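Accompanying notes for the structure given below.
The values are calculated or read from the model by the stated rules, or taken from the named source; none is laboratory data. Quantities reported herein were computed from a predicted structural model and do not represent experimental measurements. Glycine gets a Cβ as well: all are built from the backbone with ideal geometry, and neighbour counts include every protein chain shown.
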Amino acid sequence: MKEIKAVVQPAGKETERNLMREMSFAVGSGPAYDVLVMGGGVSGSVAAIAAARAGARVLLVEEQGFLGGSLTAMGVGPMMSFHNPAGEQVVKGIPDEIIERLKARGASLGHIPDTTTYCSTVTPFDSEELKIELENMLVEAGGQVLYHTQLAAVETGPDGIARAVVCNKAGLTAFTARVFIDSTGDGDLAVRAGAAFQSGRADDGAVQPMTMNLKLANVDTAAIRRYAIEHPDDFLWHESGGGAAEGIARLRRSPRISLAGFLGAWRAARERGEVDVPREQVLFFETAVSGVVIVNTSRVTGLNATDPFQLSQAEGIGRRQCGQILNFLRRHAVGFAQAVRMDTAAKIGVRETRHIAGRYTITREDILHARPFADTIALGGYPIDIHTPDEAGTDTTHLRPDIMYQIPLRSLLVERPANLVVVGRCISATHEAAAAFRVTPIAMAIGQGGGVLAAEAVRLGVPPGEVPYAAVRARLLEQNARLP
Ligand SMILES: Cc1cc2nc3c(=O)[nH]c(=O)nc-3n(C[C@H](O)[C@H](O)[C@H](O)COP(=O)(O)OP(=O)(O)OC[C@H]3O[C@@H](n4cnc5c(N)ncnc54)[C@H](O)[C@@H]3O)c2cc1C
């Protein structure tokens, strides 16, 4: 243990540097790693697995007691989508291996038709099995995990991040690593290390709303299937995905259902004041377990999830909305009369906070026109899906069916610190572009790219920005990633 001077910042006042005070704390020292991954969500878990498989000594730090981030702690599901609208698989590699391993455990049906017609496929999974499988894969690759630990501070030096100070039951501990990966979703590590960022939308900083996911069991999905087939007007369908006719055809053959609707009853309940959720429909997805559904319908707008007080306020609002949604479903929605609440998620779902300013910023045009890059590390095929920050409504830009947009390596890199790689939803992109690649299959593919990049930097003894793209590409292909 040694004493360090720390600068203490009042909670929720990111910019009020004049209020900072200097204090002294005892900080322990942890072992040195090649790669330290901060955040064990979908992108961080895959980054850590990829880096460990490429030979790096890896520590993955996670604030929860399990891996998976939004897919486990925030109750998100299904994974959506590994395919482009034409049905071609654009995400492979470690993300797809996770699905194969879950299938082998009976914990996923694999990629199945999306009955909402929003995407070509969705990938339902059992979130408890996902926690186990992600940890198994990391440990098998030789990586190590540290749970119940949050980033507390970052110390920088001439070569970039010198130490990441974390906080847990042992107090404060400083870890050194040659390369650091920020997979916190919010860019916590990058911002504390001095990286520039943009919050949300360029013109006003507004971010996509948060959603508290609600998990229900004992839902009669056979009855819902019949009702949706007989009353297609009560549901939303997407012309780009074939509209109601294709939706009904998929409902007849898909082993699990996803639907956006109960439009009439929901509108009436909103008009009566029974629900005050700023959402235009009920959106729900059946999980890998038949009759268990995730209701992704609550919506909390106008709050900033990187402000701990506003995040706390959002948790309460989201849980109260879920109570209203459950009452609505039991009373007014076919198939939900006997629904049993399993839980609201451990953490409210956060769609958007900071976008780190990197060496290349991905734009809406890059996504729409699948702009080719010379340093692509991942591909995507999911539409630009913006849950509007200001009101009820979802602003979707569907993409051409054969789209395969590209994520360049430079969007994972910042000018300073030199030994930092950013992965997941907060890589360098505009609000609109991030609304496309933020989904879990693509976030995982980006994680694999970032993990390989970090490991190659360690192997070659250079900062990540100086690793030749050819080395990253070769290693990614060896790990079965799909690249152009
Ligand atoms: C409500 C909602 C619904 C969605 N629906 C879908 C969907 O149906 N399908 C789909 O594919 N995608 C969906 N998404 C998008 C997707 O879930 C996320 O964009 C994606 O998971 C982001 O991955 P990530 O690795 O960047 O972040 P996350 O998966 O959120 O991981 C971040 C991890 O870092 C940890 N962490 C954060 N800060 C710290 C810190 N300071 N110290 C230590 N650990 C930290 C967190 O605990 C977490 O585990 C949805 C998102 C939301 C919010």
(message) Kindly evaluate residue 407 against the criterion of being crowded, with 23+ Cβ neighbours inside 10 Å, without any contact (Cβ under 8 Å) to a residue 60 or more places away in the chain and within 22 Å of the chain's Cα centre (by Cα).
(response) yes
(request) Of the conditions (1) over 30 Å from residue 113 (Cβ atoms); (2) assigned to a loop (DSSP other than H, G, I, E, B); (3) within 23 Å of the chain's Cα centre (by Cα); (4) away from the ligand (no atom under 13 Å from the Cβ), residue 317 clears all except one; give me its number. (result) (2)
(message) Suppose we filter the stretch 191-245 for residues that are touching a Leu at 6+ places or on another chain (Cβ under 8 Å), under 22 Å from residue 280 (Cα atoms) and basic (Lys, Arg); how many remain?
(response) 1
(message) With the requirement that a residue be of a type outside the set (D, E, K, R), more than 16 Å from the ligand (Cβ to nearest atom) and closer than 19 Å to residue 451 by Cα, what does the stretch 140-161 give you?
(response) 141, 142, 160
(message) Could you go through the stretch 357-364 and let me know if any residue there is under 17 Å from residue 297 (Cβ atoms), in contact with a Pro (Cβ under 7 Å, 6 or more places away or on another chain) and surrounded by 15 or more Cβ atoms within 10 Å (Cβ to Cβ).
(response) no
(request) State whether the residues of the stretch 88-111 include one that is buried (at least 18 other Cβ atoms within 10 Å of the Cβ), among the charged types (D, E, K, R), within 13 Å of the ligand (Cβ to nearest atom) and not assigned by TED's automatic domain parsing to the domain that holds residue 318. (result) no
(message) Looking only at the stretch 164-193, count every residue that is part of a loop (DSSP other than H, G, I, E, B), farther than 30 Å from residue 439 by Cβ and not hydrophobic (A, V, I, L, M, F, W, C) and tell me the total.
(response) 2
(request) For the stretch 152-174, enumerate the residues that are in contact (Cβ under 8 Å) with a residue 24 or more places away in the chain, surrounded by fewer than 22 Cβ atoms within 10 Å (Cβ to Cβ) and not charged (D, E, K, R). (result) 153, 156, 160, 165, 170, 171, 172, 173, 174
(message) When you scan the stretch 355-367, do you find a residue that is away from the ligand (no atom under 16 Å from the Cβ) and without any contact (Cβ under 8 Å) to a residue 12 or more places away in the chain, even just one?
(response) yes
(message) Would you confirm whether or not the stretch 127-143 contains a residue that is closer than 20 Å to residue 443 by Cβ and part of a strand (DSSP E or B)?
(response) no
(request) Determine whether residue 42 is more than 8 Å from the ligand (Cβ to nearest atom) and not hydroxyl-bearing (Ser, Thr, Tyr). (result) no
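Yes/no per residue for (1) within 16 Å of the ligand (Cβ to nearest atom); (2) not assigned by TED's automatic domain parsing to the domain that holds residue 415:
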{"position": "187", "(1), (2)": "yes, no"}
{"position": "192", "(1), (2)": "yes, no"}
{"position": "197", "(1), (2)": "yes, no"}
{"position": "219", "(1), (2)": "no, yes"}
{"position": "225", "(1), (2)": "no, yes"}
{"position": "237", "(1), (2)": "no, yes"}
{"position": "248", "(1), (2)": "no, yes"}
{"position": "290", "(1), (2)": "no, yes"}
{"position": "294", "(1), (2)": "yes, yes"}
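The rows are residues; the columns are (1) of a type in the set (A, V, I, L, M); (2) over 30 Å from residue 119 (Cα atoms); (3) modelled with pLDDT under 95.
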site: 422; (1), (2), (3): yes, no, no
site: 446; (1), (2), (3): yes, no, no
site: 450; (1), (2), (3): no, no, no
site: 470; (1), (2), (3): yes, yes, no
(request) Restricting attention to the stretch 323-354, report how many residues are outside any strand (DSSP E or B), of a type outside the set (Val, Ile, Thr) and within 16 Å of the ligand (Cβ to nearest atom). (result) 5
